[in-house]
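Engineer: One structure coming up, written as structure tokens, with questions to follow.
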Amino acid sequence: MGTLGAILKHPVDIYPLLKLRMAAKHAEKQIPPEPHWAFCYSMLHRVSRSFALVIQQLGTELRNAVCIFYLVLRALDTVEDDTSIPTDVKVPILLAFHRHIYDRDWHFSCGTKDYKVLMDQFHNVSTAFLELGEGYQEAIEDITKKMGAGMAKFILKEVESIDDYDEYCHYVAGLVGLGLSKLFHASGLEDLAPDSLSNSMGLFLQKTNIIRDYLEDINEIPKSRMFWPREIWSKYVNKLEDLKYEENSVKAVQCLNDMVTNALIHMDDTLKYLSELRDPAIFRFCAIPQIMAIGTLAMCYNNVDVFRGVVKMRRGLTAQVIHQTKTMADVYGAFFDFSCMLKSKVDNSDPNAVKTLSRLEAAQKSCRESGALNKRKSYIIRNEPRYIPVLKNPQRERIERAAIGRTLKASQYGQHTARTPGIGSKNKMINPHRNVAP
């Protein structure tokens, strides 16, 4: 009923949803006949349907390499995530994983559900890996080795400072950005992107998912997973788990906004990386997850529901992002619109309001200066953003609705709009945050 209600409320979603359904069926028909490749692509559909769709943008050779890259890192990630594995067993596996991918007989039983199947039958992944070109193999081995070492380091170390947070995100996602850039380069379709830009691509996705998945991680059994840096959350509560309690809602939302503001610093690098891609298929493969990330941040910002359940973009809007993203102009438009949505939710009384607005306005400036915002229709902002305020305030809701209308009108002419005055409300896409690819 929820899905039907969403479609009735947003009938413009119907066509993109149908296209998405057709693309999913087409992707399932593209599974190769060889048993080991059939396993790999079937497993890809089971552990990440969204990624299985996005990967279809790529040509066969590069698609195979990215598929195996994803599954290798997903398997590595499954070992890291399994809190039931003793540290003295887990760390050596993480450190040696880059060698195991060359062993057709190696497997290690851990994880649950589809991830357990992946680990139990990992020999299929190794067999497919050994059929890739040498350049692809070297890139995958290099990133797997570095990621395994980084994961092992943080098994024994907590995320205390913001520098720790950036380092952890580098190991589990920034390296994915570097690895994908190496695979694109090995395919001959792209120049090798600067490491700093590749790293930011990964960090923007990773930080978004860490923010979104707070409740899932903190409630993990038998042991909580804690990725929010103490340097941020300790300004608001005594213990990270305190953020989920209703009596701490105001402080929790302030902490959430601090985390979102930290993630926004990667927007400019992300836009620069995407603007330098040449191959249309690689561009779409990279751009769609980044738009989903800024969209998810817009949904999460100032939204107390992050501490109550799952916050994500509606499926119809996700389908529209996939359907509409074809050029860099589409990326600039989407980033601008989601930035407007997020900006309308910034409260003057928030401790990080000035910093948040500064980062949003810097990204919006880049989007305006691209010249891509003229004569366009937004598929993203049609109504006011929906979120659950901690302190409901009808006056603020009316102001936000009006502000978004003004922002959209101004964006058509490349104008700058002033920030919505804060009234005092406190409020509350891609895969779990350990998803090591879009």
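Engineer: Amide H to amide H under 5 Å from Phe108: which residues, 5+ apart in sequence or cross-chain, H placed 1.01 Å off N in plane?
Structural biologist: When sequence neighbours closer than 5 places are left aside, the close amide H contacts are Phe122.
Engineer: Please state, as a whole number in µm²/s, the translational diffusion coefficient that the Stokes-Einstein equation yields for the stretch 59-164 at 10 °C and 1.306 mPa s, with Rh defined as the Kirkwood radius across alpha carbon pairs.
Structural biologist: Roughly 111 µm²/s, to the nearest whole number.
Engineer: Calculate, for the stretch 159-226, the solvent-accessible area per residue in square angstrom, rolling a 1.4 angstrom probe over the heavy atoms of the protein chains.
Structural biologist: On the way: 2390 Å² over 68 residues.
In whole numbers, the stretch 159-226 has 35 Å² accessible per residue.
Engineer: Tell me, what ³J(HN,Hα) does each residue in the stretch 290-301 have, in order and in whole Hz, if you take phi through Karplus 6.51 cos²θ - 1.76 cosθ + 1.60 with θ = phi - 60° and put x for Gly and Pro?
Structural biologist: 5, 5, 4, 5, 5, x, 5, 4, 5, 6, 7, 4
Engineer: What span do the alpha-carbon atoms of the stretch 183-386 cover on each of the three principal axes, reported in whole Å from largest to smallest?
Structural biologist: 51, 38, 30
Engineer: Something else about it: Please tell me the relative contact order of the stretch 179-332 in percent, rounded to the nearest whole number, where contacts are Cα pairs under 8 Å and at least six residues apart. Present the calculation step by step, with values, prior to reporting the outcome.
Structural biologist: Values: 158 pairs, mean separation 44.7, N = 154.
Reported relative contact order: 29 percent.
Engineer: Among Lys153/Lys239; Lys25/Lys116; Lys251/Lys365; Lys25/Lys207, which pairs are too far apart, with a Cα-Cα distance over 27 Å?
Structural biologist: Values: Lys153/Lys239 23 Å; Lys25/Lys116 25 Å; Lys251/Lys365 31 Å; Lys25/Lys207 31 Å.
Beyond 27 Å: Lys251/Lys365; Lys25/Lys207.
The values are calculated or read from the model by the stated rules, or taken from the named source; none is laboratory data. Being a predicted model, the structure only gives us computed values, none of them experimental. Heads up: the accessible areas ignore ligands, DNA and RNA and are worked out on the full protein's heavy atoms, side chains in. Shrake-Rupley method; radii C 1.70, N 1.55, O 1.52, S 1.80 Å.
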